[in-house]
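What follows draws every value from the coordinates through simple rules; no lab data is involved. All values derive from a computational prediction rather than experimental measurement. Here Cβ is always computed from backbone atoms with ideal geometry, including for glycine, and neighbour counts include all displayed protein chains.
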Amino acid sequence: MIDHWGFPDGLPQVSVTSIAHDRMGYLWMSTQGGLARFDGLRFTSYGASDLNGYQPSITDRVWRDDQGDLWLGTPHGAALLDQAGLHPVEGLGANVGQVHGFAMAPGGSVLIGTDRGVFGYSKGHATRLGLADSKVYALLSVGSRIYAGSDGAVYEVSGGMAAAVPADRNLGQLRFTHLASRAGRMYVGSSRGLFEFVDGKLRQPAWAAPLAEASIEALHADRDGNLWIGLIDGLMRYNAERGLEWALTEHDSVRAWIASIFEDPQGDLWIGSYTTGLSRWWNGWAARIGPQRGLSDPFVWSVARGPDQRVWLGTATGVWQLDAQDQAVEVISTQSLRNSAVYNLFFPSTGGAWIGTRAGMARWNGTTLDEPALWSPLSGLQINAVLEINPSTYWIGTSDGLYLQSNGLFKRYGSNEGLSVAAVRSLVQFEEQLYVGTEQGLYAGLEGQFKHIRTGSGLDAALVTALLPMAGGKLVIGTFNDGIYIRDLTGYSTLGGAQGLPWNSVANLQADSSYLWVSSPRGVYRLSVAQIENFLLNGGRVSPEPVLNEGRNARGGQRLRCCNAGATSRGLYWRGKLWFPSLNGLVRVDPEDVEAPQQPDRVMVERIIAEGGQQWPGSASMELPRGLRDITIEYTALAFRDPESVRFRYRMVGYESDWQSLTDQRSVRYTNLAPGHYQFELSAQGGATDRFVKASPTRIVVPAWPSETLWFRLLAGVLALASLAGLTYLLRIRSLSREQRLQRVVDQRTEELRRANERLRNANQALAQESFTDGLTGLKNRRFLAKFLADWRRRSLLGETDQERLWLFLMDLDHFKAINDRLGHLVGDDILKQFSQLMLRLAGDQGHAFRWGGEEFLLLVPESAVGSPERFAERVVKAVRRADFRANEVERVAMSVSMGVCPYPAMADRSDIADWAMAMELADVALYWVKTHGRDGWNRLLPASHARHSDFSAGVGHGVEQIIGGGLANWQRSSDQPG
């Protein structure tokens, strides 16, 4: 797994030249934009004011010694950051020049490599050890020996003397910049090639021959026996088993100039680059089988175990097989079928494969693909499930009913047999009954008659996606939105969010001897069999372990998008591995490698900030200056694997007694603190666990003014009593006036209450408006479109409006990513705002402008306001082309759009009035055509006058050419678009 951070994430600059961690657990890095500290989620940049006048922007090296102190190397010396603060290293001299590196020496002193040789630092002072006239680029201590990399040679330094290490050839022109040791061997990186110290000599090993002309930019030997080699062109890895290989990533792919490599205590590798920022490499438990493993079509619908005991998968265009190395090989192309998506994949015991699509089912006999006449009733239906009872009897679940194939007969089961719901999603035989999961509940059948199972719970009307028998006579039932139900001898039990599940969506269920594995579009989690048994016996809550999450407010697990839902072949447990289909390849999970959720390594208060900018570092206790009553407390938890899942709770004892609710915020503000003694308590939890890690409490003293002390209050009380008698008479005389004033106050409060209620109503109206508005551009969003079209459709069906149509103009800004890459996201956002103003003008008083997402926009205009849709589309395209978009006051940005046009309803007979998504899909297909045929224009896929909504039920996106070839639609495009 690889995580990546760059400038948008808070990194001061993308060039990360060195990395280290301190005694607290923070990660430090030097960049060409300054020194930064990282807690797993936030970068803190340090300036001169933070470091006693030291200029961190010129730090080239950061390194930690064995005591946990940090050393900083600069072009003019070195500095030490220890528990006492930051101070310069004494004894290096004014002309020492660049400090290139550090190392621990035998005996515990620190070695410093500079432009003027090697120094040793001990007891607060640095002393030169040798090579006074040489630049020392790298240092390494091996046993009792000290090695230094310099110009022309590697030296062994001892007793103030330096002896060059012999080499098998003349290396005088080389610069030796990096040293590393592994398994008793020393490796040397140079300005031209990699060398190994063997039998007392520097030699270039045969495996390093491809690096003979390469400049070695970073070198690290990890605990697993790998040698990592940073180059100008990327990263390579060497080990004895696999040899030398590239280790490039999606972030560090093309000329990713590697600058630094660091291994943390957990064994994770941190890679710094001159060009692409910071990344962390760690061993996860899930991998994706995609294009890099030969799967050219990564849209995976289904997965199943084939007759050859290998993993087979179905994609949007065919059926593939994984070989022994998990390389994908295409076996069957389904592009000749009416619908090519392999929605469900089934292997009967009689051989071959049954390929269920979204428009029927085909049979593969090992060499050819055909559609048997027996299956003609399935034509046009989505195949969701196939269950074999015996070699001659099969149940088939479809989008329009349950079918039985038995001994050459083919029959549909419906309401006459007790199945009142047409759409079937899952099938299983359990306790001699056929259980049928439908889109509206669970049915059980015996001898061809079915009964709706009613439990009085959400299961009665749930979309049942998965059915799994488990040991002990249990049937686990997964639903799309209503959680999990478990049937046992006592009846049906409900497992949902209230019982501890992370989400209620289920795509597939798998089980091994220890766990129930649950996949969904939001990820994968597992629930131990022991927990299930305890829940069925005692109730209460369960504690699932997160395995995968797709990243949206998810806690714990490996971040990897997964999984597809909708049919039975949406998961496979085979030979100790789990397989799940996704939109971006086949996901493989290794259960043995799954790690339990990790807690933060450390929780702490970082600093306390008062009004006016005064601040103090977090400590066990502190006293605020007199008069300061408003403070902000910033805190953190060091968690590098899954920092987004960390949740904090806190309380200020003396101010509040209860813990404040869990939050991911990392600061809290207190105002108007009364004088007294307080204790700030903080704890955090990570992953999906319920256990908290506590921070050391911080005691805070708020001193009182003299007027707030007890003796002052007693004196004031005596004076008040003495004055009370004199005031009584005045109060009696003024009682009438007081009553009048009281009445005025009542009137005033009544009026204020009325105004407050009015403001509340206005605020509620503003909040409702905001929920329908895009936050960046101010245009309407998809939520408003759905509500508007639902209201319009209802009024149209009730005859409250005339029969005019609405015209959809869906457009995408051409080459907008290039604008973002060249000018930055802030300029890109500003151009989106300028474009939105143009859209509002084009929509006019009767139309609406929407931000559909990213750089996609939508105009929705009534037919009466459009006039000619062709001319309107041309007007929009030309208006964008001619508009004056500005990156700044000087630079103009030329823009164009690709547009898809469609009316709603799109069909001549208005048969699609209940499905506005059909019009959007037609517009999107037309837009895509323009995108792939030169951009800067518009197109329309015009349904034929005889076309009906049902003709397009299988979708438009994958079958445009079939639709046009069948006479159901034709293109109508702008005049300047190519044919």
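Numerical summary
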item	result
Karplus (6.51, -1.76, 1.60) ³J(HN,Hα), θ = phi - 60°, over region 123-135, in Hz, Gly and Pro reported as x	6, x, 9, 9, 10, 5, 9, x, 6, 4, 9, 10, 7
Long-range HN-HN contacts of R182 with modeled amide H, under 5 Å	Y187
Vicinal HN-Hα couplings computed from phi for region 18-24 (Karplus, 6.51 cos²θ - 1.76 cosθ + 1.60; Hz; Gly/Pro x)	7, 9, 7, 10, 9, 5, 7
Ellipsoid equivalent to region 355-400 - semi-axes via the Cα gyration tensor, in Å	16, 15, 9
Kirkwood Rh, angstrom, region 427-566 [1 / mean 1/r, Cα pairs]	15.2 Å
The chain, relative contact order in percent, only Cα pairs under 8 angstrom and at least six apart counted	5 percent
Full-stretch length increase - R145, S621 - with 0.36 nm per residue and alpha-carbon distance subtracted	166.8 nm
Gap separating the Cα centres of region 859-902 and region 311-385, nearest whole Å	44 Å
Whether region 476-522 is rounded, prolate or oblate, judged on the alpha carbon gyration tensor where a/c under 1.5 counts as rounded	oblate
Label-point gap, in nm, between D884 and A471 - each point 7 angstrom along Cα→Cβ	7.7 nm
Amide hydrogen neighbours beyond the local backbone of Q440, cut-off 5 Å, H modeled	V464
In order through region 306-314: 3J(HN,Hα) via Karplus (6.51 cos²θ - 1.76 cosθ + 1.60), integer Hz, x for Gly, Pro	x, x, 8, 6, 10, 7, 10, 9, x
Local electrostatic count at T465 - Lys and Arg +1, Asp and Glu -1, tallied over other residues with Cβ under 15 Å	+1
Net charge contributed by nearby residues that have their C-beta within less than 14 Å of D22 (K/R +1, D/E -1)	-4
Computed P(r) (all Cα pairs; region 602-702; 10 Å bins; percent)	15, 50, 27, 7, 0
Among G585, G654, L572 the positive-end extreme of the charge dipole of region 570-713 (Cβ point charges)	L572
Dipole moment magnitude, nearest 20 debye, region 866-979 about Cα centre, only Lys, Arg, Asp, Glu C-beta charged	360 debye
For the chain, convex hull of alpha carbons as volume per residue, Å³	278 Å³
Helical mean residue ellipticity (222 nm; -39500 (n - 2.57) per DSSP H run of 4+; nearest 500) of the chain	-5000 deg cm²/dmol
Segment E330-S379, length gained on full extension (0.36 nm per residue, minus Cα span)	15.1 nm
Length gained when the stretch D658-Q837 is fully extended (0.36 nm per residue, less Cα-Cα span)	59.5 nm
At least 27 Å along the helix axis (C-alpha) and Kyte average at least 0.0, DSSP helices within the chain	710-733
